[in-house]
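The values are calculated or read from the model by the stated rules, or taken from the named source; none is laboratory data. Computed from a predicted model, the values in this text were never measured in an experiment. As a convention, Cβ positions derive from the backbone with ideal geometry for all residues, glycine included, and neighbour counts pool all protein chains shown.
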Amino acid sequence: MSSLALSSNLPITDLSQIDRLGLIAGEGAFPLLIARAARDFAVPVTAFGLRGVTPPELESEVNNMHWLEMGQFDRLIRLFHEDGISKTIMAGRIKHTSIFQLVKIDRRGLKLMARMLNKKANSVLGVFTSELESENIQVLDSTLFLKNCMPPKGLLTRRRPSKEIERDIQFGFDLAKQIAGLDVGQTVVVKGQTVVAVEAMEGTDATIERAGEIAGKGIVVVKVSKPQQDRRFDVPVLGLTTIKKLARARGAALAFSGDETLFFDQREAIALAEENKITIVGV
């Protein structure tokens with residue numbers, strides 16, 4: 001165990017409580033935005049990236065960068081202790097399918113795998129988070145620096161949903177919450193109150209593509225938070241790519257959990273939705 005002072009279990013809401021931040025970074029824009037936001041608050045960031053997953057440009061956005069291979073859990077924690085970092089945020093997707101591609105995994109990783117009840121996201125990330133906490137590394141709310149990227153409930157586009165789309169949204173929202181509660185996925189695609197596609201390992205974008213191929217024009221995408229969402233990991237994320245996929249599928253609407261979903265590149269995403277007659281609404 002580290003000699004660092006034991007991390008408090010109380011959630012941090014005041015950014016002045018963070019003197020240094022460790023950023024465990026997956027793919028996409030999420031870790032880049034965290035790094036930039038932390039810089040705006042004068043919080044030094046050390047990033048821990050995965051080769052072939054984490055965007056290389058993150059290195060120029062942080063104070064220090066460590067590159068790791070998938071499965072190097074022991075080295076990750078050792079680097080945290082060597083750098084004297086006791087607070088971290090996990091940001092960016094690591095594809096769930098990577099659990100089938102762990103060719104090299106260290107002894108700590110094998111022990112973590114043995115502790116998992118199953119390989120669902122909550123189980124995998126929950127065990128990893130608990131291991132960090134046991135090493136006096138406090139895992140923070142991943143939305144802490146990005147509250148302005150979480151739109152509230154209500155209509156984001158000028159285009160209002162028709163009665164039929166409203167019915168589809170409510171139908172899809174109820175189902176998505178149930179599926180999210182089972183930790184299967186957080187996205188459901190519906191049309192005419194029929195389930196077209198359910199997200200699993202493939203992720204939201206691939207689910208939208210599949211739904212477009214199955215049902216064609218007019219699909220409604222619903223993405224929700226989990227009933228007991230742990231904001232330290234697996235927070236629902238949307239962005240410009242989501243709307244691009246929905247536009248290509250000739251979709252009608254995107255609904256999401258208001259106040260509980262990170263929505264990046266909102267201005268560009270909303271403009272593209274308007275161009276393609278797509279309704280975006282926080283539920």
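Below is a table of values for the structure above.
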quantity	calculated
Residue match in the stretch 228-247 (condition: buried (at least 24 other Cβ atoms within 10 Å of the Cβ), of a type in the set (D, E, K, R) and part of a loop (DSSP other than H, G, I, E, B))	no
Options Gly172, Gly185: the member that is crowded, with 17+ Cβ neighbours inside 10 Å and modelled with pLDDT under 95	Gly185
Failed condition for Pro152, given (1) free of Cβ contacts under 8 Å to residues at least 40 places away in the same chain; (2) surrounded by fewer than 18 Cβ atoms within 10 Å (Cβ to Cβ); (3) not in a helix (DSSP H, G or I)	(1)
Given (1) within 30 Å of Val43 (Cα to Cα); (2) at pLDDT below 95, number of the condition Ile137 does not satisfy	(2)
Residues satisfying the stated conditions in the stretch 188-227, i.e. polar (S, T, N, Q), touching a Lys or Arg at 6+ places or on another chain (Cβ under 7 Å) and surrounded by fewer than 21 Cβ atoms within 10 Å (Cβ to Cβ)	Gln193
Pairs where the first residue, in the stretch 241-255, is in contact (Cβ under 8 Å) with a residue 60 or more places away in the chain and closer than 13 Å to Thr279 by Cα and the second is of a type in the set (S, T, N, Q) and assigned to a strand (DSSP E or B), C-beta under 9 Å, 6+ apart	Ala252/Thr279; Ala253/Thr279; Ala255/Thr279
Any chance Asp168 is of a type in the set (D, E, K, R) and under 23 Å from the mean Cα position of the chain (by Cα)	no
All positions within the stretch 18-30 that are over 17 Å from the mean Cα position of the chain (by Cα), surrounded by fewer than 24 Cβ atoms within 10 Å (Cβ to Cβ) and either under 16 Å from His66 (Cβ atoms) or not charged (D, E, K, R) (or both)	Ile18, Arg20
